[in-house]
């Protein structure tokens, strides 16, 4: 079963149109292909464009949920910031340190973005 099907089934079972946040504690999920495929299922897409160390995210970043009225963006930002602080504290990891939060309207989930990327790629690689 594909990840897209599993996500759609989860949304259907929860009776949701989209998740507030869809985050991947996995390597390379901010790649163009992954963002294009999965950002349509959420308002905020959280992932790394680099390899992630084995420890993954710092789940203490969820402590922000103890505050009242935490927005999805504040939660996603807390997870990203917690990951980066945790990775930087571990001197043994020599990979890149990235973790980003993208609003889905700025990604390929927005039909207005794809023509822009097509125009940019045509400029680089004329047909």
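The values are calculated or read from the model by the stated rules, or taken from the named source; none is laboratory data. Owing to the predicted nature of the structure, the values given are computational and were not obtained by experimental measurement. Every residue, glycine among them, receives a Cβ derived from its backbone with ideal geometry; neighbour counts consider all protein chains shown.
Among the residues of the range 27-49, just one is in a helix (DSSP H, G or I), surrounded by fewer than 19 Cβ atoms within 10 Å (Cβ to Cβ) and in contact with a strand residue (DSSP E or B) (Cβ under 8 Å, 6 or more places away or on another chain), namely 34.
Each row is one residue, and each column tells you yes or no for (1) modelled with pLDDT of 85 or more; (2) in contact with a helix residue (DSSP H, G or I) (Cβ under 7 Å, 6 or more places away or on another chain); (3) under 23 Å from residue 74 (Cβ atoms); (4) not in a loop (DSSP other than H, G, I, E, B).
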{"position": "5", "(1), (2), (3), (4)": "yes, no, no, yes"}
{"position": "9", "(1), (2), (3), (4)": "yes, no, no, yes"}
{"position": "15", "(1), (2), (3), (4)": "yes, no, no, no"}
{"position": "21", "(1), (2), (3), (4)": "yes, yes, yes, yes"}
{"position": "25", "(1), (2), (3), (4)": "no, no, yes, no"}
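For residue 120, the conditions (1) modelled with pLDDT under 60; (2) farther than 26 Å from residue 41 by Cβ; (3) not in a loop (DSSP other than H, G, I, E, B) are fulfilled apart from (2).
When the range 57-97 is limited to residues that are modelled with pLDDT of 70 or more and not in a helix (DSSP H, G or I), the one that is surrounded by the most Cβ atoms within 10 Å (Cβ to Cβ) turns out to be 57.
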